[in-house]
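Since the structure comes first, as structure tokens, the remarks are kept for the end.
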Amino acid sequence: MRIYPTFFRIVFSGMDAERAHRIGFALIRAADRTPVGWALRRFCAPHPALATSAFGVDFPSPFGLAAGFDKAGTGVLALTALGFGHVEIGTVTGQAQPGNPRPRLFRLVEDRAVINRMGFNNDGAAAVAPRLESARLGLAKRYGSRGRPVVGVNIGKTKKVDLTDAIGDYLVSAERLAPTADYLVVNVSSPNTPGLRLLQSVESLRPLLEAVRRTADAAAGRHVPLLVKIAPDLMDQDIDDVGALALDLGLDGIVATNTTITRQNLRTDPSDVMAKGVGGLSGAPLKARSLEVVKRLRAAVGDELAIIAVGGVETPEDVLERLDAGATLVQGYTAFLYEGPFWSRRINRGLLRARRTAAA
């Protein structure tokens, strides 16, 4: 199981990061279409004892894959076969867009981190929606009504749409994608779309979330759990304000946190980091701050909202630490690039061991 880090070092570490991601993701999808995929599903499936629930949805494991890996909904079946209790698709925007110029994805291997300025490259809500509908049917066929992995959808603003028209742009995605989503996340915290983080202010966030909730529920003909994703760079008072707003609006939860624009406490040579340019930093360096935000949010919202913790998650111990700090669910992404396809299985096995030890 630990062969992959050596494989990464030999094959992927010298390759352009985005190209390596594209190749790796294609291999995961290809494997799922063969008998290997059937074996992987059995080998990686979370133990039933890990089942949990959040905002009225049942999850086969509290550990899932964060938005960013599958931006277009092309690999839901393959990724859930690897043992993730949920997969969050996106970020999807109202209109298709190519994202920022390449290169735009960079590894900081010494820090087990990644810098990205992808810019919400995706095929747009109209193209993604039928893929997700097909994936949901495929999951139902594979898993039936019990133990089905959950599919979340993360939506953001199209770059060329002005901030004054942002709500209408988000509503395009909400209307298209809510019927196929187990939950929706409003992303207002990526640093790679100019001005987007301004929407995190309570004054801007309230009308956006109210409108998305109304539109999503109407389009789906049911209540679609709605969460908002925030940045780790918010001031503590702003975190408290978002928590208060979420309570006031009756949101289902908060995702904490997105990538950071800071470059603190890195082992990588500062000149190398500078050469990568701007973008959001994810991975191990985010661990401490993301945990702080989770703790502060839980103190602010009590037990009334779900919190999905993401940022610097690498090991079963990291997942347990976040659950103990008040997270309802936990997501990872960057460590997946370094640890390989059996990463989620190792996380789930570690969680199961911890639960059995605690119960003994």
Among helices (runs of 4 or more DSSP H) entirely inside region 275-355, those with 3 or more residues being touching a residue at least 40 places away in the same chain (Cβ under 8 Å) are 287-301, 334-339
Output the number of residues of region 179-227 satisfying the condition of being assigned to a strand (DSSP E or B) and either closer than 18 Å to G280 by Cα or charged (D, E, K, R) (or both).
2
Scan of region 137-152 for residues that are open to solvent by 60 Å² or more (accessible area, probe 1.4 Å) and either small (G, A, S) or under 20 Å from G90 (Cα atoms) (or both), ordered by number:
L137, S145
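So, V255, is that one surrounded by 23 or more Cβ atoms within 10 Å (Cβ to Cβ) and outside any helix (DSSP H, G or I) or not?
Taking the combined requirement at face value, the residue satisfies it.
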Scanning region 320-360 for residues that are of a type in the set (S, T, N, Q), closer than 23 Å to Y183 by Cβ and open to solvent by 30 Å² or more (accessible area, probe 1.4 Å) gives T328
I need the full set of residues from region 60-90 which are outside any loop (DSSP other than H, G, I, E, B), open to solvent by less than 10 Å² (accessible area, probe 1.4 Å) and in contact (Cβ under 8 Å) with a residue 60 or more places away in the chain, in order please.
F63, G64, L65, V76, T80, H86, V87, E88, I89, G90
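Which of the residues belonging to region 272-283 are more than 14 Å from D233 (Cα to Cα) and crowded, with 21+ Cβ neighbours inside 10 Å? Full working, then the answer.
First pass over region 272-283, keeping only residues more than 14 Å from D233 (Cα to Cα): 272-278, 283.
Answer for region 272-283, where residues must be more than 14 Å from D233 (Cα to Cα) and crowded, with 21+ Cβ neighbours inside 10 Å: just G283.
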Which members of region 24-59 meet the condition of being part of a helix (DSSP H, G or I), open to solvent by 60 Å² or more (accessible area, probe 1.4 Å) and without any contact (Cβ under 8 Å) to a residue 60 or more places away in the chain?
L27, R29, P35, V36, W38, R42
With respect to A211, is the statement that it is open to solvent by less than 30 Å² (accessible area, probe 1.4 Å), at pLDDT 95 or above and not charged (D, E, K, R) true?
yes
V128 crowded, with 18+ Cβ neighbours inside 10 Å and within 16 Å of Y333 (Cβ to Cβ):
no
Criterion violated by I167 - all others in (1) closer than 18 Å to R136 by Cα; (2) of a type outside the set (D, E, K, R); (3) more than 16 Å from the chain's Cα centre (by Cα) satisfied:
(1)
Selection status of V188, open to solvent by less than 10 Å² (accessible area, probe 1.4 Å), of a type in the set (A, V, I, L, M, F, W, C) and in contact with a His (Cβ under 8 Å, 6 or more places away or on another chain):
no
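The values are calculated or read from the model by the stated rules, or taken from the named source; none is laboratory data. Just so it is clear, the model here is predicted, and its values are computed rather than measured. Positions of Cβ are backbone-derived with ideal geometry, glycine not excepted, and every protein chain shown enters the neighbour counts. The area values use the complete protein model at the heavy-atom level, side chains included, leaving out ligands, DNA and RNA. Shrake-Rupley method; radii C 1.70, N 1.55, O 1.52, S 1.80 Å.
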